[in-house]
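Right, one structure below, let's go through it.
The values are calculated or read from the model by the stated rules, or taken from the named source; none is laboratory data. Source: prediction; values computed, not measured. Neighbour counts run over all protein chains shown; Cβ positions are idealised from the backbone, glycine included.
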Amino acid sequence: MKVLDFQGQKIAVVGLGISNLALIDFLQKHGADKIVACDRKPWEKLDARVQKLTERGIRLQLAESYLDGLADCDWIFLTPGMRRDWPQLMEAKKRGVRLGSEISLFMELCPAQIVGITGSSGKTTTTTLVGKILGLNRKVYVGGNIGQPLIGQLDTIGAHELVVLELSSFQLQDLQISPHYAAVLNITPNHLDLHSSMTEYSEAKYNIVRYQRPNQWSVLNIDNPASWEARERTGAQICPFSLHRELDQGAFLRGDQLLWSFGGHQEVVAESGKLKLLGLHNVSNSLAAIALSCLCGASAQDAASVLTTFTGVEHRLELVRDLGGVKFYNDSIATTPARTMAALGALSAPIHLIMGGSDKNLPFGELAAYISSQSSVATVYTIGQTAEKIEQALVEVPGEKPKIESCQSLPAAVALAASRAAQGEIVLLSPACASYDQFPNFQVRGERFKELVEGLE
């Protein structure tokens, strides 16, 4: 492992969530003795683990002044999702302070080859698939935007092992190093409440391939224009995947067969009907997983054994319960309109759709048009901050419209949808929005949905 000497350097760690607490542990272990931990929360709102940092000689800088005086630091490590255009941070960068994150430091120091996966949707599923496929025959570490921070395991990772990382736009925006194998699954509007524009969001995503070398690989979705555009940002070799085109090199769908073509050899990996994951979007995710895994040395048989048995990740079109012939699905991960459209495309029975949440400044017009065109959507139940915005988009779209019920809260929506749904129909939580107006994150929202469904009689 490459070693950096942190002793005597002033280091600020901004945002004291799980990843940065793990980072602080790592920095202290490796000699850092001048750490200031910064958080916008006041002392009384910090959890006990954060408060105890002072017992380890770490100075806390909190509340309104948490970004003050950072321009004399040597390093500033920022939490994912924090805007980089705060005046204090811009001044620090102007003075030559190095800005980074837990994941950028991990990638700089990691001795193993890294497989990195990003996209507006499908990241967790694809990352999990790749980790399982590659893990059949070698030691693999899976992390990044999922699981526990890998910075705490960095000292144990060997050069001949593999690391598979899910990488969000927030994690990518600081990177000046790219993975050995990188995938851009898709790019659609997301996080425009935190990124200043779609261009800024896309360019952050492109960092996953921007610094690759000619002996490395970019796995790109040729069906998604913004993903395919990444080929203009990388010096690596290109391996496409596609639902709609046959490829001389890459992973593609022909009829109901998922195929891998490479080095003049082509073979069938699996049949789409034998995948446990629902929806065409998950066929696309599976193709990306095939490409990444096979480029890393896995066989088509390895890929098939996982793809035909893996039942999915929690909160992603998760079947919660079949009650009296009504199926309840938890798709709380759907925090964008594109994700909700993918979920609707995977289901065919009459659907009672629960939507809404906190506003990410994303448009709902395309989703409203899609819903209007799908006879499968019987009723839309709106909740949360964006309820009125969603209802307006549905009203304005031409054509037939589903029934609209304004419920505001998730319990009210579940109760009403359950009372309306008949045998053979579906109740689907696929919000198309973030959760922060009513829940700490999409996981808590999904767990609450499952609790409500399990409580139905």
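Condition check: assigned to a helix (DSSP H, G or I), closer than 25 Å to HIS180 by Cβ and of a type outside the set (Asp, Glu). Does GLN301 satisfy that? Yes.
Of all residues in the range 271-298, those satisfying the criterion of being over 12 Å from ILE133 (Cβ atoms), of a type in the set (A, V, I, L, M, F, W, C) and not in a loop (DSSP other than H, G, I, E, B) are LEU280, VAL283, LEU287. Residues in the range 308-330 that are of a type in the set (Lys, Arg) and over 15 Å from the mean Cα position of the chain (by Cα) were compared, and the one that is surrounded by the most Cβ atoms within 10 Å (Cβ to Cβ) is LYS327.
Take the range 281-306 and flag every residue that is over 20 Å from the mean Cα position of the chain (by Cα) and on the phi < 0 side of the Ramachandran plot.
CYS294, LEU295, CYS296, ALA298, SER299, ALA300, GLN301, ASP302, ALA303, ALA304, SER305, VAL306, listed by residue number.
Taking the conditions (1) crowded, with 19+ Cβ neighbours inside 10 Å; (2) more than 13 Å from TRP260 (Cα to Cα); (3) of a type in the set (Ser, Thr, Tyr) in turn, SER293 satisfies each one other than (2). Taking first residues from the range 332-361 that are under 14 Å from TYR436 (Cβ atoms) and partners that are buried (at least 24 other Cβ atoms within 10 Å of the Cβ) and among the charged types (D, E, K, R), the Cβ contacts under 9 Å between residues at least 6 apart in sequence or on separate chains come to SER332/ARG316; SER332/ARG445; GLY357/ARG445. When restricted to residues that are assigned to a helix (DSSP H, G or I) and free of Cβ contacts under 8 Å to residues at least 12 places away in the same chain, the range 138-160 contains 1. Across the range 165-201, the number of residues qualifying as closer than 15 Å to GLY81 by Cα, of a type in the set (Ser, Thr, Tyr), at pLDDT below 90 and under 14 Å from the mean Cα position of the chain (by Cα) comes to 2.
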